[in-house]
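Data block below; observations after.
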Amino acid sequence: GWQASMKSGNLSYILPCNRLPVQLMSQVRVYTSNGQKKDLGSEDANKKMQTPDETLHKAGTGRQDTSSTGQKQSFLKEPIQVKVKAVLKKRDYGPKYTQNNFITGVRAINEFCLKSSDLDQLRKIKRRSPHDDTETFTVYLRSDVEAKSLEVWGSPEALARERKRRKEAEIKYRENLFRNQRLLREYREFFGNTKPRSSAAAMFFKGPGKVVMVAICINGLNFFFKLLAWVYTGSASMFSEAIHSLADTCNQALLALGISQSARTPDPSHPYGFTNMRYIASLISGVGIFMMGAGLSWYHGIIGLLHPHPIESLLWAYCILAGSLVSEGATLLVAINEIRRSARAKGLSFYQYVVQSRDPSTNVVLLEDAAAVLSVAVAATCMGLTSLTGNPYYDSVGSLGVGTLLGTVSAFLIYTNTEALLGRSIQPEQLQRLTELLESDPVVRAIHDVKATDMGMSKVRFKAEVDFDGRVVTRSYLEKQDIEQLLQEIQQVKTLEELEAFMLKHGENIIDTLGAEVDRLEKDLKQRNPDVRHVDLEIL
């Protein structure tokens, strides 16, 4: 539809529509519908103005098909309509803007040194609650609270002095509280504690706590009797067994401490709780086995090889080893049954449950008791060879074998607990189920950067960046509105100010609807996957 002609080096275009012809030359002229022109950047401002007919004639030079003069006049008399885009003026909020911030009543009282009666005079705003136990809660505009605090205290300097005074009073209160708690403990120790058994103490009567307590009692008795047998016989293998039982007793006492500490409730310094205390205790236990158990056994075995000495009667040693085999075997069975029950509840095999260190305390007891049973067999075999041949080197070799066995167990415990403390990911199958659950929701368009970390003791933290479908979110908001009333509000909008107020009102409500959708998704993830305790969905 475009037609072009070339004349004396000037390119001219003719538009085949009801628009004015524009000639691209060294001078730029803008013609209005009444035949007048405006020169933009003209070299000669006093040059004689051309008529529209002349301009049209110049533009149409070289064309064989020309239009009639009447058509030209009607063509030129048609008015030009220019649409101007109305743009809302951008506001400059500056580097710090807190006028629209909301704060809770507790923050207003603590940070601005107000009383609850002072807040009664301020505007109260109902907002969606971030907590699961409440749907809405009351907040205040930060600007109103700041103005009220200046009204109460007179100046920012007076407010700062009051904050400093309250901070010093809080520090003194904490010191007195610590002192009173210590006095209360001393009082209970002197007069007896009649308080019901706490939940932390009840943990040692079931599950992993019960396994650890049984192991502590049995290994303590084994250490005592093995120590007597070593004093009586002087056997290096018996000494290694006594050290092994002592290491097991100390390590399991450390596990009991980790179990009790893991039951503590979260505080501001540790918002995700103290669950990892079990892994920390198990890690220290593995290091203790390596240094105390394996190290002393190797040392005593090497000393026996370098300086052999005859061994006394081994009858009592055999009897104590037999008793130790029975007691360690009983503890091993208790640990195996507990792990089987827990693995069945998680849908895992026995081997997967142990390797993944799902329950570090029970794992330590299992491996220590398994090593104890094997080390008893090694010690008894080497002591038997020594008694048959009279060669004390067999007994020293048995001590080295027990040390090697303990070193292997400690290395496995150190590796598995370190992996758990580093924050490893959950199983791919479980991660896929969580992802599919989110993607199947109509409000979700796509999911990116998915991370699911095993926090230990069947607690999972899930994080993902979610691309929400704005149309579905908006429809969810509209389904809760009166459409007739909304239509009337739209029809009443006549000015830009009214349009801005309308959009700001409903835009904020749509953002609240988006937040409600995020809360719903997080709640669904936790309900369908009890292991998921913390969910962080970031809006993309």
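The values are calculated or read from the model by the stated rules, or taken from the named source; none is laboratory data. Remember, predicted model here, so these are calculated numbers, not experimental data. Cβ placement follows ideal geometry from the backbone for every residue including glycine, while neighbour counts extend to all protein chains displayed. We work out accessible area using only protein heavy atoms, side chains counted, and drop any ligands, DNA or RNA first. Shrake-Rupley method; radii C 1.70, N 1.55, O 1.52, S 1.80 Å.
Taking the conditions (1) at pLDDT 90 or above; (2) open to solvent by less than 40 Å² (accessible area, probe 1.4 Å); (3) touching a Phe, Trp or Tyr at 6+ places or on another chain (Cβ under 9 Å) in turn, Val473 satisfies each one other than (3). Only a single criterion out of (1) out of contact with any Asp or Glu (no Cβ under 7 Å at 6 or more places or on another chain); (2) loosely packed, with under 11 Cβ neighbours inside 10 Å is not satisfied by Val518, namely (2). Applying the condition of being of a type outside the set (Gly, Ala, Ser) and under 22 Å from the mean Cα position of the chain (by Cα) to region 129-142 and asking which residue is modelled with the highest pLDDT yields Pro130. Report, by residue number, each residue of region 388-437 that is charged (D, E, K, R) and at pLDDT 85 or above. Answer for region 388-437, where residues must be charged (D, E, K, R) and at pLDDT 85 or above: Glu429, Arg433, Glu436.
Counting only residues that are part of a strand (DSSP E or B) and at pLDDT below 80, region 90-126 holds 0 of them. Within region 471-484, the set of residues being of a type outside the set (Val, Ile, Thr) and under 22 Å from Leu514 (Cα atoms) comprises Arg471, Arg475, Ser476, Tyr477, Leu478, Glu479, Lys480, Gln481, Asp482.
Taking first residues from region 525-540 that are closer than 17 Å to Val444 by Cβ and partners that are part of a helix (DSSP H, G or I) and of a type in the set (Lys, Arg), the Cβ contacts under 6 Å between residues at least 6 apart in sequence or on separate chains come to Val532/Lys526. Here Ala242 meets the list (1) surrounded by fewer than 14 Cβ atoms within 10 Å (Cβ to Cβ); (2) modelled with pLDDT of 80 or more almost entirely, failing just condition (1).
Do we have any residue at all in region 521-535 that's of a type in the set (D, E, K, R), more than 28 Å from His270 (Cβ to Cβ) and either modelled with pLDDT under 90 or surrounded by 14 or more Cβ atoms within 10 Å (Cβ to Cβ) (or both)? No, region 521-535 contains no residue that is of a type in the set (D, E, K, R), more than 28 Å from His270 (Cβ to Cβ) and either modelled with pLDDT under 90 or surrounded by 14 or more Cβ atoms within 10 Å (Cβ to Cβ) (or both). Take Val355 and decide whether it is surrounded by fewer than 21 Cβ atoms within 10 Å (Cβ to Cβ) and of a type in the set (A, V, I, L, M). Judged against the criteria, Val355 is a match.
I need the full set of residues from region 431-478 which are under 14 Å from Lys526 (Cα atoms) and assigned to a strand (DSSP E or B), in order please. Result: Ala452, Val460, Arg461, Phe462, Lys463.
Quick one: which of Ser324, Ser342, Ser375 is in contact with an Asp or Glu (Cβ under 8 Å, 6 or more places away or on another chain), surrounded by fewer than 22 Cβ atoms within 10 Å (Cβ to Cβ), assigned to a helix (DSSP H, G or I) and not aliphatic (A, V, I, L, M)? Going through Ser324, Ser342, Ser375 in turn, just one is in contact with an Asp or Glu (Cβ under 8 Å, 6 or more places away or on another chain), surrounded by fewer than 22 Cβ atoms within 10 Å (Cβ to Cβ), assigned to a helix (DSSP H, G or I) and not aliphatic (A, V, I, L, M): Ser342. Residues in region 430-465 that are over 17 Å from the mean Cα position of the chain (by Cα), open to solvent by 50 Å² or more (accessible area, probe 1.4 Å) and more than 15 Å from Arg528 (Cα to Cα): Pro442, Arg445.
Within region 408-418, no residue satisfies the criterion of being under 15 Å from Thr453 (Cα atoms) and open to solvent by 70 Å² or more (accessible area, probe 1.4 Å). Here the condition is being modelled with pLDDT under 85 and either of a type in the set (Val, Ile, Thr) or in contact with a Gly (Cβ under 8 Å, 6 or more places away or on another chain) (or both); of Ala379, Ala371, it holds for Ala379 alone. Just one of (1) touching a helix residue (DSSP H, G or I) at 6+ places or on another chain (Cβ under 7 Å); (2) farther than 30 Å from Ile539 by Cβ; (3) open to solvent by less than 40 Å² (accessible area, probe 1.4 Å) fails for Gly384. It is (1). Out of Asp512, Asp449, Asp482, Asp467, one residue alone is charged (D, E, K, R) and touching an Asp or Glu at 6+ places or on another chain (Cβ under 6 Å). It is Asp449.
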